[in-house]
Each structure stands twice: as C-alpha cells, then as structure tokens.
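Presented below is the structure to which this report refers.
Please treat every number below as a calculation from the coordinates, not as lab data. No experiment lies behind these values; they were computed from the predicted model shown. No Cβ is skipped: glycine too gets one built from the backbone with ideal geometry, and neighbour counts run over all protein chains shown.
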Amino acid sequence: MTQAQTALFVPHGAPTFALRPGAAGAALVRQAQSLAARRAIVIVSAHWDTAVPTVGFADRLETIHDFSGFPDELYAIRYPATGCREAAEEVVAAIRNAGLPVEKDAERGLDHGAWVPLRLMFPEADVPVIPLSIQSRGGPAQAYRLGQALAPLAARGFLVIASGNVTHNLRDYQLAARSGGQTPAYVREFSDWMANRLAAHDLPALLDYRQQAPGAVQAHPSDEHLLPLYVALGAGGASAEAHRFHAGIDDYVIAMDAYSFSPRIGG
C-alpha cells in the first residue's frame, strides 16, 4: 500500500541559493530524507504563472535559467528530471474533478523556482516530476482551491512541493544590497504572523492576509511568491497540521521559511 504524502512549501530564494544553500538548504535535505517513498512529484513554482492551471507533460524537463546577471556557474547547472505522462494525466483529472479548468503543456521545463529546491532535495533526479502552474490573478483563494484539488493525490503517492518565499520584495533587496542595510522589521513580523495563523489553521485570516497581516503589501508587492504556500496548504487536506521546519532570512529581506502540511493525528 502506498503511503500518503505530506505536502510541502519550500523556499527557493535568489538563484544563488543553488550555490550557497546554507541552513535553509540543509533543512530541505533533511526533510526530503524523512519523506516516504514517492511515486511522482508535483512541483508548483511561483515562476510559472498562467491564466488557467496548466500541467507539464514533457518526458524530459529542460533546466530553465530564467534569470540574468548571476555567476556563470549557475548557468552551467542542469537538473536532469524526467516527467511521466501517466502521472500527469492523473494530475489533470484531479484538477478537472474539482471543477477547475485545466490545460496541458507538452514542453514546459523547470524554472529556477522548481529546479533549485528539487536539486537539493532529490539530487539523483530519480523521481518523475510534474510541473504545475499558479494563477496570480486568482489570489490566495484560488491557489488554496487548486491545492485542495491535489489533496486526493497524496493517497496515491504523489508528493506536492510548492516553491516560493514567505517574503519577496526585490526593490527592498536591491536597496539593502547596495547599502549593506539591515533586515526591515516587516520581514520577521510578517513571517511570524503567517506562522501563527498557519499553526491556528485560521484560514479566513490567511486568505485575507493582505488586509490583516502586518507589512503584507511590503512583504509582497505582488503575491505570486506567496501563492504556492496556499497550494501546499490546500494539498495537505482539510485536517492538515502546519509545521514550520525552517525559519530564517537570506539576502536581508527574503524569508526562507519552509512548511510541511500533514494530516492531524486523529484528524
């Protein structure tokens, strides 16, 4: 019998996270080592944004270097992931069964939001990977609903990994990098608010984070990097218990918090 999987939200940070994984990278490695054997990975990245949920069907997934101005060694990295059309069809069916529209993409590879954490967690690239897009115009409610559509797949050995960041303000990063500045207060205040609301399973507050969370708009001028967290939360199931297995800040303003969402004992 296939063991049900825990849904994960993981950080991908700046592209240089691939070269300097630090404490956050070590936490992702430990978490991957604790997971049950998996049939396939559904990877949801903040960097694949489409109007309609779209599932990748490529047999071999190109390593997409969707950034510029970074060290040459980053562009030499390849993550040789393979897909699985049979598993991708099951993802499509799950989304469709939840009443959501869904499309297929025969060529989509892995952007850095996907391959950077996957390379750390599964360096052998020996598990089939199914990319799935986010829909930034739908906001948290739509992302959570997309995650709910994926929840039944856990019992079939699918591992949902959603990749983003709990805070993501590139302008503040650039200002801090130029001036050698300190971490703004909102970074910790926002990440701690998210941790507290997730621990309380306060879904109404979480879905309304832009109005209720301290520093929400500064933490996310646009919220595509937070939406994967809602996908993971939904994919964990209605009784999911949130566990923050890493908390930290990289590059002054990027909260690298990571979460697992598992069914509550007796839930």
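What the table below lists for this structure:
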read-out	value
Helical contribution to [θ] at 222 nm, DSSP H n ≥ 4, -39,500 (n - 2.57), averaged over the chain, rounded to 500	-10500 deg cm²/dmol
R0 of 45 Å, Cβ-Cβ distance Ser239-Arg178: FRET efficiency to nearest 0.05	0.45
Integer Hz, Karplus 6.51/-1.76/1.60 couplings in order for region 95-108, x for Gly and Pro	5, 5, 5, 7, x, 9, x, 8, 10, 10, 10, 7, 10, 4
Most mobile of Thr54, Thr16, Thr82 in a GNM of the chain (Cα contacts under 10 Å)	Thr16
The chain: most fluctuating residue of Pro204, Pro131, Pro117 per GNM, C-alpha cutoff 10 Å	Pro204
Long-range HN-HN contacts of Glu241 with modeled amide H, under 5 Å	Ser262, Arg264
Residues with amide H under 5 Å from that of Val129, placed H, sequence gap 5 or more	Ile41, Thr82, Gly83, Cys84
Cα-based equivalent ellipsoid, the chain: semi-axes from gyration tensor eigenvalues, Å	26, 22, 17
Debye, to nearest 20: dipole size of the chain, +1 on Lys, Arg Cβ, -1 on Asp, Glu Cβ	440
Ala162 long-range amide H proximity, modeled H, under 5 Å	Leu8, Phe9, Val10, Val44
Kirkwood Rh (inverse of mean 1/r, distinct Cα pairs), region 51-94, angstrom	12.7
Where GluC sites (Glu not before Pro) fall in DSSP loop in region 89-177, at most 11 other Cβ within 10 Å	Glu107, Glu124
J(HN,Hα) series, region 24-39, from Karplus relation 6.51 cos²θ - 1.76 cosθ + 1.60, nearest Hz, glycine and proline x	5, x, 4, 5, 5, 4, 4, 5, 4, 5, 8, 7, 5, 4, 10, 7
Sparsely packed chymotrypsin sites (Phe, Trp or Tyr not before Pro) within region 142-177, loop by DSSP, other Cβ within 10 Å at most 16	none
